[in-house]
């Protein structure tokens, strides 16, 4: 008996179904609080780099832009890879980028390079994204053999930043 060859129409249908599945999974990604908050953070932090006084500090602008773009991008990448271990790995990278962004924002504040109110709001959003990512990583790691690599208390939040 000769095996049946797949008909071109069936292959197109399977590609279309794969496309629909991809769209559905991206909608699920967009429903994650971590991803939505990271997108908000990226937009606000990137917008901050377009302000007047900060625009002369090219190295700092570049670092802020790279870090803020990396946060939601790594969440999306890990989600798209489809395994829990890959998602956890990418969430950890995203967490590192968020911590890096926080450091750059703290320096920007210390050097008084931009509007303090807007900067404080972005710093609060950064702390929120860190909290969400830590919570999500803890939840995903509950069933994992490995231990979470650090404690939440390693990234203290001062009373000033909670306002």
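Observations
- Ratio of the Cα radius of gyration of region 28-94 to 2.2 N^0.38 Å, where N counts its residues: 1.26
- Using the Cα coordinates of region 57-113, the gyration tensor eigenvalues translate into equivalent-ellipsoid semi-axes of 28, 10, 6 Å, sorted from longest to shortest.
- Ordering 46, 79 from the fewest to the most neighbouring beta carbons within 10 Å gives 46, 79.
- Sorted by Cβ density within 10 Å, fewest first, the residues 49, 108: 49, 108
- By the count of other C-beta atoms within 10 Å, a proxy for reagent exposure, 31, 131, 97 are ordered fewest to most as 31, 131, 97.
Each value in this text was obtained by applying a stated rule to the coordinates, not by laboratory testing. Treat the numbers as computed from the prediction; the structure is a model and nothing was measured. When we count neighbours, we look across all protein chains shown, and the Cβ atoms used for this are built from the backbone with ideal geometry, even at glycine.
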